[in-house]
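Written below as structure tokens is the structure these notes are about.
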Amino acid sequence: MRASGEGFTHSTLFVIPHLPMALRAMGPFLSRLRERSMTLLPADQLCMQLPDKVTGLFLVGVGIAAAYGGSLQPPVPGQQIGPEVFPMVVGIGLAICGALIALGIGHRFEEEAEADLAAHSDQPAPPERRSKAAIGLKVLLPPALLLFYVVAVDRLGFVPTGAAMVLATALALGARPKLAIPLALVTPVGVHLVFYKLLRVPLPDGLLPMPW
Amino acid sequence: MTRLTRRRLLGNAAAAGALAGAGPSLAQGAYPSRPVTVICPWAAGGGTDATVRIIASLLEQEFKQPFNVVNRTGGSGVVGHSAIASAQPDGYTLGMLTVEIAMMHWQGLTELAPGSYTPLALMNEDPPGIQVNVNSPYKTVKELADAIKASPAGKFKASGTGQGGIWHLALIGWLVAMGLKPGHVAWVPSNGAAPAMQDLAAGGLDVVTCSVPEARTMIEAGKAKSLAIMSPERNPQFKDVPTLKEALGIDYATGAWRGIAAPKGLPAEIGQKLTAALKKVNDSKEFREFMANRGFGVKWADAAGFGTFMAGSDVAMGKAMDAAGLKKA
Amino acid sequence: MDTFYEALRLVAQPDVLIAILLASIYGLVVGSLPGLSATMATALLVPITFYLSPIAAIATIIAASAMAIFSGDIPGCLLRIPGTPASAAYTDEAYAMTRKGQPELALGICLWFSAIGGIMGTVSLIVLAPPLAEMALQFSTYEYFWLALLGLMCSTLVARSSPIKAIASMLIGLLIACIGMENPAGTPRFTFGLTDLLGGIEPIPALVGVFALSEVMRAMATAEPPRLPSRRFGSILKGMWALTLRYPRPQVRGNIVGIIIGVLPGAGADMAAWVSYAMSKRLSKEPEKFGSGHPEGLIEAGASNNASLASGWVPSLLFGIPGDTITAIAIGVLFMKGLNPGPTLFTDKASSMYALYIIFIIANILMIPLGIAMIRIASFVLRAPRAAIMPVIVLLCAVGSFATGNNLFLVVTLAGFGVIGYVMERNGFPVAALVLGIIMGTMVEQNFVTSLIKSDGSIWPFFSRPVAAVLAALTFAALLWPVFVWLSRLRWRRAA
């Protein structure tokens, strides 16, 4: 959520299709998250859980940036209310909410909600086996695989790309090769059959065109 | 410039893919020897989608090869239009161009313009009508025009699409042709013609300038009426609605159009084959019946004619957008 | 009566019956796959309807959309991944029931009350179409503005965590909806020069990202949850009749709210589910049980979203104005098949209209046996290891997002929202409120700005029109509710 586009120019942005565009758009965000997950965390928490002060102040920043970005919008000729009004209202509202969160107002509700949730919440992974950084990277694996899909699918084709994604996800979740490899071979072919053949979604053939 | 670079690279990537996948088939037999993709830059279920699908199915019968319609949406039409322009010009990727291609580049949204394609055929044009609520005090377009002229600027509210959309430009063109300022009637941006027609029926608007087929259901439901049509001839579906020229003596006509085109650099013989087939489609009973059923206007122009038509539309849209203050320098 | 027999004859054609059956199965499967929504199920059917007879074409759309809205509840119950936005409001509730060991009950409620809601919606379509349509036509932008705002407020009423965080999530959603040029001014806003952002952020990949992808990301960081005791699912409809009798009021309310919201163009099943769930929680005698696996809210919201689906056809059929994204696609198909919407459809083509009603009823009845079969098949995900389910979900998310516009940027959107959803969830920001903000953002802004343009900048019409005034009062009540609760709790704590 950046509210203005400075920092990179169009010419650098569009040099190579898809990949850098995607990565550059995501890059600052991802790296910021990664930094946080490694530095700011108390040892016993799952990665990316931040104190309310941090998230609150971050929202104040986003809200102000959005309101400022909105105020830069050019007015529309012949209209009294232009495109700047709505982002400014929402941005200011967000900044106020952020400030309230940073001050810890309303936090009590969460403690109660957490008590409710305890009955059916997730168990954190045993901490001794993996470092925080490793967990942080693993958490980012699914979105990273999707970016890999964006870059690779036109060249490799749907089936090989899909197989790589399924294999990587399964192995990361601790599947034995006995499960992961057949899964990686069967799933993309099945998905391709249904979406390409029956629903006519144009999935690229790439290196491995399917017989249908 | 930067966008161009990206497009070229995209094109190259696509070309590499096409060569890898389809190398052998290029050599064999006459066109088309394998399925053809027809790109629709708008979502499934809309008017453009329906038109492109009927054309594709009739081309399929003509050539005995599948013509698959692919909806490439996003970027308010820019994404689909660039996908057509950046495809390999081998005749296996065609697409439908809509009037937006003559508008978006003036706003600086894309560098694509009508000249970025090989035109094949113009298939449809829908002129806007001037619709009012059925209880409106204005019974004819003359009365409405006089009332608009006599009122202070901004008193009348009109809608039909978003700010700077085709029907907004139609209104501006009409106002300018009457010697008024483009902002004399306030434009209320809407999310398409259907919500605008609903607000007209709810009494929130004075005028809606959308195409007659878009207004048709509300007119038939007795909630709205059409006072005039901004085209050179009357619509055979609505014989009673006069043209602007007949009613006001104003020679102003515009419209939203759709046509089939290929990427730039299509081999001439493939282009001629496709244009000839599209002529057959345009003349076919199925196409005519389908278009009449939806109230869409059938229009025909061959490759050269479509090119000239688009160039004319491009200039006209540029002028109207300039008047509306929407044109980027 | 002759038209009725004629309609029966139209429906009894083998091609129509086969179309209904296949489309139902298709809708169930697509709706239940995480990453694929009911709208997408319908959109992907359009090319296929092209080759069908008119009645069969409409039948596929009706059957597939009804089934998909129900089966969107299935992954919500079993994996905490709502299949469609309409299920997002009560996913946590349904999942809580599953973790309590009552997956049959949760799914049974969704199925049974979906079918009842669908039938009630159809009845409203048959009996009340003209007056309902007239009501919908009375709604101008002022009323829509309040309605949209009220829908947004529901996200804070539903939230179990801090209402301030819920509002913040919703505002982030609204900011995301600002992206692109689909705003009243028609100028590119917050697009950072990217062509792909001109059309704005597509809600479907965003939804799939924050719910499904972030769930996969959570799986990466957490140990496998304790496996539920492996056993065959019990009777799915067991106890439904008792629940029907026990909660008459939530049901009726859910149906009525669903019908009304469905009829209003632009506000569809998603909003119906939210408003109903929020209402159920506020008006319940046991609001403290909500969120811990309590049937009441599920009953009301499950009935509501299916009721709205049927009544959404009212403005579409009478005026050609889509009630939601699904009917927007359906209108295209109606036109393509020569069944042009409009009052003449009810007079000149009355038999086709009756056929349409019959198809609605058949689809909602067929939903029960097919739904039971689907639930039984789907229940294997509770037994399958997580390492086998999650990879398939990642792939389906990618394909599903891509298929909404055949544009790879949608997959980038999906990845981005997976990260956003994960971070938000970890920090107690309800992602469902974010999704609601994204879905409703354009509607709020559009109606706010156009209302001000129409009134020449005066805010008086927002309060002076009668329906607008009522909606405004409700909105303020919803807005002030968290403050009120907070203050009263503060006092209660001090006293204690």
So, over other residues within a Cβ distance under 9 Å of C:M279, counting Lys, Arg +1 and Asp, Glu -1, the net charge is +2
When the helices in the protein assembly as shown are scored as -39500 (n - 2.57) per DSSP H run of 4 or longer and the sum is shared across all residues, what 222 nm value do you end up with, to the nearest 500 deg cm²/dmol? -20000 deg cm²/dmol
Gyration tensor on Cα atoms of region A:140-198, a ≥ b ≥ c root eigenvalues, a/c under 1.5 rounded, else prolate if a/b beats b/c, else oblate, says oblate
Between B:S159 and residues 5 or more places away or on another chain, the pairs with built amide H atoms under 5 Å apart involve B:V188, B:V207, B:V208, B:T209
What is the dipole size for region B:129-248, taken about its Cα centre, with +1 at each Lys and Arg Cβ and -1 at each Asp and Glu Cβ, in debye to the nearest 20? 160
Rank B:A303, B:A247, B:A56 by mean-square fluctuation in a GNM of chain B with C-alpha springs under 10 angstrom and give only the top-ranked residue. B:A247
Using the basic label-point model (7 angstrom from Cα toward the beta carbon), what is the B:V134 to C:V483 distance in nanometres? 4.5
May I ask for log10 I(q)/I(0) of region C:23-103 at q = 0.27 Å⁻¹, from a Debye sum over the Cα atoms as equal point scatterers with solvent left out? -1.10
Hits for chain B under the membrane-span-like helix rule (DSSP H, Cα axial span at least 18 Å, Kyte-Doolittle mean at least 0.5) are B:303-323
Sorted from largest to smallest, which semi-axis lengths in Å does the alpha carbon gyration tensor of the protein assembly as shown give for its equivalent ellipsoid, taking the root of 5 times each eigenvalue? 42, 34, 30
Distance (nanometres) between label positions extended 7 Å along Cα→Cβ at B:K245 and C:E288: 7.9
Ascending count of other beta-carbon atoms within 10 Å, so fewest first, for A:E84, B:E269: B:E269, A:E84
Long-range amide H contacts for B:I39: which residues qualify at under 5 Å (H placed 1.01 Å from N, peptide plane, sequence gap of 5 or more or a different chain)? B:V70, B:L94, B:G95, B:M96
Going from the alpha-carbon gyration tensor of region C:187-251, what semi-axes, largest first and in whole Å, does one get by taking the root of 5 times each eigenvalue? 42, 24, 9
Viscosity 1.002 mPa s, temperature 20 °C: Stokes-Einstein D of chain C from its Kirkwood Cα radius, in µm² per second? 94
Placed amide H near C:R189: partners under 5 Å, 5+ positions off or other chain: C:G180, C:M181
Hand me the tally of lysine pairs in chain C: alpha carbons under 30 angstrom apart, and the pair either on different chains or 8 or more positions apart. 13
FRET efficiency (C:R246, A:L103; Cβ distance; R0 41 Å; to 0.05) is 0.40
At most 13 other Cβ atoms within 10 Å and a DSSP loop assignment: could you name the GluC sites (Glu not before Pro) in region B:206-263 that fit? B:E233
Given R₀ = 30 Å, FRET efficiency for B:E289-C:D2 by Cβ-Cβ distance, to 0.05? 0.60
Low-density loop positions, chymotrypsin sites (Phe, Trp or Tyr not before Pro), region C:77-113 - DSSP coil, at most 10 other Cβ in 10 Å: none
Which net charge results when you count Lys and Arg as +1 and Asp and Glu as -1 among the other residues whose beta-carbon is under 12 Å from that of C:W112? -1
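Each value in this text was obtained by applying a stated rule to the coordinates, not by laboratory testing. Everything quoted here is computed from the prediction, not taken from an experiment. So basically every Cβ, Gly included, is an ideal-geometry build from the backbone, and we count neighbours across all protein chains shown.
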